[in-house]
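Each remark here refers to the structure printed beneath this line.
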């Protein structure tokens, strides 16, 4: 086992990599639609991520939640009087309250509680509903709210909840579904569903509060076409039956407007490359466009009357969220790989500053395009300032798989750079942001497709002189952890060491133990269940190749993880141990990752120590000063 020792010199300065984790952060504030001075945000200022209320008219802030493992899921009611928050840790045997002795926080199985904005006791928001996985929430203005639930036994159910009355079930189906939105006047509910069996491409249904259907939109044609839809929101005007919808009809995500009563569809034809998302301006006159292209993000305003598209000036980097205020100003969360996140406004300056010191800067990313077997692969590279190769390199593989790495600030990669490593992040086939065909390409040869692209970038890193082939780390969390273990077994000569966090390790056992929504995703990815397509699960499971693993392996796993459950990780670890393979496993009391800052620091320190112990000669932290790095202000 690798030992981690702490410095006994209390006067020693805290290393910058640790400062980045400890620096307080805030999310983009959500504000109550009918009381825009009342806002809700997430911050780690107490050492774990929790919900905070903010009265913008007075500047007053208060902490809303305080749980050992943190809390991040919360919503304001439209009038700003209540905060709803999701309290997990209830499992099949746990009680219905937040203080259950058998709570397993992080298991994502729980109930909605609510608390007055001004403070007070938490009470169940929907008495009569048992704990479940969340499948969406929409809170109405006129006494009715809509709650989506998912369980292994029931599939998806949707309920209308009114204060003083029991919940009324209006929808039930075995396949995955979720609450999309509730119309401004509270009469129509938009539901995303996959009743056709394709969990990657949803259809839409609009129903009344009693569940009677109003309209259906299904680009999959009953599951025969791989085109998805998503709910972006009803128009913010009473009686307006227009629904903003995301679609893939031209090979990427982009918005259109669908009148759910007349059936009229309005094509917006936003001529920007890459994926396009949108939300309404509060008065309904325009759309705030979020544009993602080649790992960067930017904002635009689309005027519905003139169909004019005007760019909103933001610095180069990534916009992780944005919101249009009633004034017309836009607030957005921005960062780059070099510069830490800030909540900014088009009116000028920052909107919400966390207390304490700002995180130290890091180094900017370089864009690399590599020819792969399925087309050009985009990778983002960070290297220590002034360093020349060959260097020790860590391939930090993103999760999802339907996600992508971007030019955004991340404390983990920055820490490896501080320790002398180059960091390579690959947007492999399966990643979002590069068109529907790129995202959907991983189906059936799951894992192996992604690893072909990662291998192509690995070969470039070695051939270009960036990487020392004797010090190449394959690493990642969640799906990235899965690809790490699969890569160590299928490409044993390519990697010197592996670091897998909350991974899929034994695909068959993972399928049987994971939450129902992920079972549906796996059936879509692999074309069936392990019993129906056993050969596909076998070729895509890291356990199949465990005996070929030669590199030292470090695995971390949350004991309450519903997405990559612990039993299948233990099966893989047992096989490593049986053959005497060099490995280390760390189990921690949380779910799919930790919201506790100290735990995140501990885990990264253990990974760095494991790499240093087994690779030899890996440099120590370089001790950069906060003035280094760079990027736009």
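The values are calculated or read from the model by the stated rules, or taken from the named source; none is laboratory data. Being a predicted model, the structure only gives us computed values, none of them experimental. Note that each Cβ is placed from the backbone with ideal geometry, even for glycine, and that neighbours are counted across all protein chains shown.
Which residues, counting only those in region 383-417, are more than 21 Å from the chain's Cα centre (by Cα) and either part of a loop (DSSP other than H, G, I, E, B) or surrounded by fewer than 24 Cβ atoms within 10 Å (Cβ to Cβ) (or both)? Scanning region 383-417 gives 383, 384, 385, 386, 387, 388, 389, 390, 391. Of the strands (runs of 3 or more DSSP E) that lie entirely inside region 79-181, those containing 1 or more residues that are modelled with pLDDT of 95 or more, closer than 20 Å to residue 63 by Cβ and within 22 Å of the chain's Cα centre (by Cα) span 82-88, 109-116.
Yes/no per residue for (1) touching a strand residue (DSSP E or B) at 6+ places or on another chain (Cβ under 7 Å); (2) in contact (Cβ under 8 Å) with a residue 40 or more places away in the chain; (3) outside the structural domain of residue 297 (by TED's automatic domain parsing):
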| site | (1), (2), (3) |
| --- | --- |
| 229 | yes, no, yes |
| 241 | yes, yes, yes |
| 246 | yes, no, yes |
| 250 | no, no, yes |
| 275 | yes, yes, no |
| 280 | yes, yes, no |
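Residues that are surrounded by fewer than 21 Cβ atoms within 10 Å (Cβ to Cβ), in a loop (DSSP other than H, G, I, E, B) and either on the phi > 0 side of the Ramachandran plot or without any contact (Cβ under 8 Å) to a residue 12 or more places away in the chain (or both): does region 550-559 have at least one? Within region 550-559, none of the residues are surrounded by fewer than 21 Cβ atoms within 10 Å (Cβ to Cβ), in a loop (DSSP other than H, G, I, E, B) and either on the phi > 0 side of the Ramachandran plot or without any contact (Cβ under 8 Å) to a residue 12 or more places away in the chain (or both). Going by the conditions given, is residue 10 modelled with pLDDT of 95 or more and either out of contact with any helix residue (DSSP H, G or I) (no Cβ under 9 Å at 6 or more places or on another chain) or outside any loop (DSSP other than H, G, I, E, B) (or both)? Spelling it out, it is not the case that residue 10 is modelled with pLDDT of 95 or more and either out of contact with any helix residue (DSSP H, G or I) (no Cβ under 9 Å at 6 or more places or on another chain) or outside any loop (DSSP other than H, G, I, E, B) (or both).
Quick one: count up the residues across region 485-502 that are in a loop (DSSP other than H, G, I, E, B) and in contact with a helix residue (DSSP H, G or I) (Cβ under 9 Å, 6 or more places away or on another chain).
Final tally of qualifying residues: 6.
None of 569, 585 is modelled with pLDDT of 95 or more, in a helix (DSSP H, G or I) and in contact with a strand residue (DSSP E or B) (Cβ under 7 Å, 6 or more places away or on another chain) except 569. Of all residues in region 437-479, those satisfying the criterion of being within 21 Å of residue 518 (Cα to Cα) and part of a loop (DSSP other than H, G, I, E, B) are 441, 442, 443, 444, 445, 446, 447, 478.
The sole residue among 434, 482 that is under 21 Å from the mean Cα position of the chain (by Cα), in a helix (DSSP H, G or I) and either more than 24 Å from residue 156 (Cα to Cα) or outside the structural domain of residue 374 (by TED's automatic domain parsing) (or both) is 482. Within region 251-276, being in contact with a helix residue (DSSP H, G or I) (Cβ under 9 Å, 6 or more places away or on another chain) and farther than 21 Å from residue 190 by Cβ holds for 251, 252. State yes or no: is residue 295 buried (at least 21 other Cβ atoms within 10 Å of the Cβ), touching a residue at least 60 places away in the same chain (Cβ under 8 Å) and closer than 28 Å to residue 402 by Cβ? The answer is yes for residue 295. Candidates are the residues of region 464-479 that are buried (at least 24 other Cβ atoms within 10 Å of the Cβ) and within 21 Å of the chain's Cα centre (by Cα); the one that is farthest from residue 424 (Cα to Cα) is 479. With respect to residue 505, is the statement that it is outside the structural domain of residue 226 (by TED's automatic domain parsing) and outside any loop (DSSP other than H, G, I, E, B) true? Considered against the rule, which asks whether it is outside the structural domain of residue 226 (by TED's automatic domain parsing) and outside any loop (DSSP other than H, G, I, E, B), residue 505 comes out as no. Which of the residues that make up region 530-565 are more than 20 Å from residue 489 (Cα to Cα) and over 23 Å from the mean Cα position of the chain (by Cα)? Residues satisfying the conditions are 530, 531, 532, 533.
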